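These notes concern the structure reproduced below.
The values are calculated or read from the model by the stated rules, or taken from the named source; none is laboratory data. Computed from a predicted structure; not experimentally measured. Using ideal geometry, Cβ is built from the backbone for each residue, glycine included, and neighbour counts are taken over all protein chains shown. With ligands, DNA and RNA removed, areas are computed over all heavy atoms of the protein, side chains included. Shrake-Rupley method; radii C 1.70, N 1.55, O 1.52, S 1.80 Å.
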Number of protein chains: 2
Amino acid sequence: MERWRPRSLRKDVRTIGYHHGDLRRTVLDAAVDAIGESGLDGWSLRELARRAGVSHAAPAHHFGDKAGLLTALAAEGFDLLAATLKQAGPDFLEAGLAYVRFATEHPVHFGVMFQPKLYRADDDAVQQARERAGALLAQGARAVAGSAAGSENTARAGWSIAHGFASLWLAGALTEPAGSDPVDAARPVLRRLLER
Amino acid sequence: MERWRPRSLRKDVRTIGYHHGDLRRTVLDAAVDAIGESGLDGWSLRELARRAGVSHAAPAHHFGDKAGLLTALAAEGFDLLAATLKQAGPDFLEAGLAYVRFATEHPVHFGVMFQPKLYRADDDAVQQARERAGALLAQGARAVAGSAAGSENTARAGWSIAHGFASLWLAGALTEPAGSDPVDAARPVLRRLLER
DNA sequence: CCCTGATCTAGTCATTGACAAGTTCGAGAC
DNA sequence: GTCTCGAACTTGTCAATGACTAGATCAGGG
């Protein structure tokens, strides 16, 4: 976009000089935007660099390579999910709705998180964040399972129905309930696991 | 791999001459293999061409571009899903298990199908195949929903739990039930939607 | 025998991911 | 104040890729 200028002339504009200030954050946000617009294939590290106004190799310093950037995205996603679940509390229905809310509010993170082949799933930050979110998920699952026999399967059922609804919604497969709020649409569906 | 040879010398090996015979099928299969091995990013049209032993531009003739190939894959996937559901019959549990079986037996197709941004979802072949599969899905859903009020939501719950279980299994998120058969693992989970 | 359309080859160009080497800059040591 | 050092970023480069164009080959019908 903007032509390169000598350092001295650039200093005046914010802190955008040789040191960007928070390039990592900026590139990460640009990636979310780009992927959200064009899908998981419609972006490149170089494009993100252009959006951020830095050289084509700058992002590599922070993320190494493309997989590294997606790894960071996944880790951030699990952290966001953990935060959302924590806020929802231990009730199953609330946890499930929070899960759906997270997925629809952060569709790019959600999409990356559950495609381990896209990133380095064995990364430390990812694993730790995943465990934090997993613990909170288990908590919500226990609420519906109680301590009855087969509680494992009930927990899996809870996770599956929330995850499935969110995935199908994001895929545009549930167009019939119209463009209403996904969380409202999810409520009566998730309830089916409780009532009968 | 193999050097180019005049037509006369190549004819002896199968029907691999200027006309491959069934390049479309071959490339499609190669794509499934490649994506299965390296994920949705780890393949290229040129690599598929090399695997098939044709020039780097040959696949483009059949699919146009990368998205065209994935479009063909998605259409094939919906057809395969329809066939699997048809075989399972109208019972909800059987349909759900068939859904899971399809996803785990054709993980690449499944993964592509529900990421519309990767391909041309408005393609005719895709839409028709999607509708065929959708009709059979609705049939299985009706089995659990009956004609009660809120049957729409019950149907969505059925689809969600099957889709969610399949997705999580493929993502490696359900490692705890060990490497057992995914369909066996799904049975008690799907049942939770029926019993209580 | 030739014509036509489908299939595939060959050549090209801008773009990309990844890497190597050099430059700038901030912060702490002295 | 100056020196040093490491982190942040730039510049340059290369093989690989997607997409496009033009041309070659082949099969079948007239």
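Here are the numbers for this structure:
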read-out: Accessible area (Å², 1.4 Å probe, nearest 10) - A:TRP159; value: 60
read-out: Inter-copy spacing of B:GLY89 label points, which lie 7 Å from Cα along Cα→Cβ, given in nm from shortest upward; value: 4.5
read-out: Average other protein chain Cβ within 10 Å of Cβ, residues A:115-124; value: 3
read-out: Using a Förster distance of 51 Å, the FRET efficiency for B:HIS56-A:ASP91 (Cβ separation, nearest 0.05); value: 0.35
read-out: Net charge of Cβ neighbours under 10 Å - reference B:ASP79; Lys, Arg +1; Asp, Glu -1; value: +1
read-out: Chain B Cβ-axis minimum, rotational copy A, residue and distance in Å; value: B:GLY164, 1
read-out: Globularity ratio of the protein assembly as shown, using Cα Rg and 2.2 N^0.38 Å; value: 1.10
read-out: Accessible area per residue, Å², the protein assembly as shown with all protein chains present, probe 1.4 Å; value: 51
read-out: Overall form of region A:89-141 per C-alpha gyration tensor (a/c, 1.5; a/b vs b/c); value: oblate
read-out: Length added when fully stretched, A:LEU194-A:ASP22, from 0.36 nm per residue minus Cα-Cα; value: 57.3 nm
read-out: Inter-copy separations for A:ARG24, label at 7 Å along Cα-Cβ, nm, ascending; value: 5.0
read-out: Entries in A:LYS66/B:LYS66; B:LYS66/B:LYS86; A:LYS117/B:LYS117 that, when Cα-Cα distance is taken, lie over 26 Å; value: B:LYS66/B:LYS86
read-out: Simple Cβ-charge dipole of chain B, Lys/Arg +1 and Asp/Glu -1, about Cα centre, in debye nearest 20; value: 540
read-out: Residues of region B:28-52 buried by at least 50 Å² on assembly (accessible area, 1.4 Å probe, chain alone as reference); value: B:ASP41
read-out: Chains B and A together, accessible area buried on both sides, 1.4 angstrom probe, square angstrom; value: 3300
read-out: Kirkwood-Stokes translational diffusion coefficient of chain B, alpha-carbon pairs, 25 °C, 0.890 mPa s, µm²/s; value: 132
read-out: Distances in nm from A:GLU105 to the matching label points in the other copies, shortest first (labels 7 Å along Cα to Cβ); value: 4.1
read-out: For the protein assembly as shown, calculated [θ]222 nm from helices alone, where every DSSP H run of n ≥ 4 adds -39500 (n - 2.57); value: -21000 deg cm²/dmol
read-out: Apportionment of accessible area to carbon and sulfur, chain A, percent (1.4 Å); value: 52
